[in-house]
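First up is the structure itself, then whatever we jot down about it.
The values are calculated or read from the model by the stated rules, or taken from the named source; none is laboratory data. Since we're looking at a predicted model, the values are computed, not measured. Counting neighbours? That spans all protein chains shown, and the Cβs are built from the backbone with ideal geometry, glycine included.
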Amino acid sequence: MNNPFIHIVRFVVLILLQVLLLNDINFLGYINPYLYILFIILLPAGINQTRLLFFSFLLGITVDMFEDSGGMHACACLLMAYVRPLILRFSFGLSYDYQTLKFSKTPFGSRLTYITLMVLVHHLTLFSLEIFNASHILSILKNTLFSGVFSILVIIITTTLFSKKRT
């Protein structure tokens, strides 16, 4: 990890934003943005898989402690971290394989694919564990779709606002 201080600050800020502000946003009863997963999305591509899983679990369990949600966020973050290398390879191809991936310098289409797949994996896992009833598959898919679209928009806006300008 190139600069641990940046990652620590990002971890703390995203958790505080999520638990103090974003968890109170609930459009139409089921649309809720989950910005805290941006921490996992923005971790360096070459990070050790064990560290990635550890930080993802720590992120998820911290949100679970604030929300009293029994480990659902930890499980969703762990699955998201586990499939992250596959999604990176699918989205960025050779840039990921040769470890030359700079998130801010990748094409927008690749970034959108990566963010969308990561968010959908997280949300589908989270809402499946939250509802935990196969007869409510439409509710799971509805929550995943609408919260996912909203989360993707918030993540893209955030990454665009806080990205370093290309020169």
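Can you report the number of residues in segment 1-27 which are touching a residue at least 12 places away in the same chain (Cβ under 8 Å), among the hydrophobic types (A, V, I, L, M, F, W, C) and over 22 Å from S104 (Cβ atoms)?
4
Please state which one of S56, S91 is within 15 Å of Q18 (Cβ to Cβ), touching a helix residue (DSSP H, G or I) at 6+ places or on another chain (Cβ under 6 Å), among the small types (G, A, S) and crowded, with 19+ Cβ neighbours inside 10 Å.
Result of the check over S56, S91: S56.
Would it be correct to say that I115 is in contact with a helix residue (DSSP H, G or I) (Cβ under 7 Å, 6 or more places away or on another chain) and closer than 20 Å to L88 by Cβ?
For I115, the condition - in contact with a helix residue (DSSP H, G or I) (Cβ under 7 Å, 6 or more places away or on another chain) and closer than 20 Å to L88 by Cβ - is met.
Here's the yes/no breakdown for (1) of a type in the set (F, W, Y); (2) within 23 Å of F162 (Cβ to Cβ); (3) in contact (Cβ under 8 Å) with a residue 12 or more places away in the chain:
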residue: F39; (1), (2), (3): yes, yes, yes
residue: L42; (1), (2), (3): no, yes, yes
residue: F55; (1), (2), (3): yes, yes, yes
residue: L59; (1), (2), (3): no, yes, yes
residue: V63; (1), (2), (3): no, yes, yes
residue: E67; (1), (2), (3): no, no, yes
residue: A74; (1), (2), (3): no, no, yes
residue: C77; (1), (2), (3): no, yes, yes
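Would you mind listing the helices (runs of 4 or more DSSP H) fully within segment 41-159 where at least 3 residues are at pLDDT 90 or above, under 21 Å from V13 (Cα atoms) and not acidic (D, E)?
By residue number, 49-67, 72-92, 108-131.
Out of everything in segment 18-33 that is surrounded by 12 or more Cβ atoms within 10 Å (Cβ to Cβ) and among the β-branched types (V, I, T), what residue ends up being modelled with the lowest pLDDT?
I31
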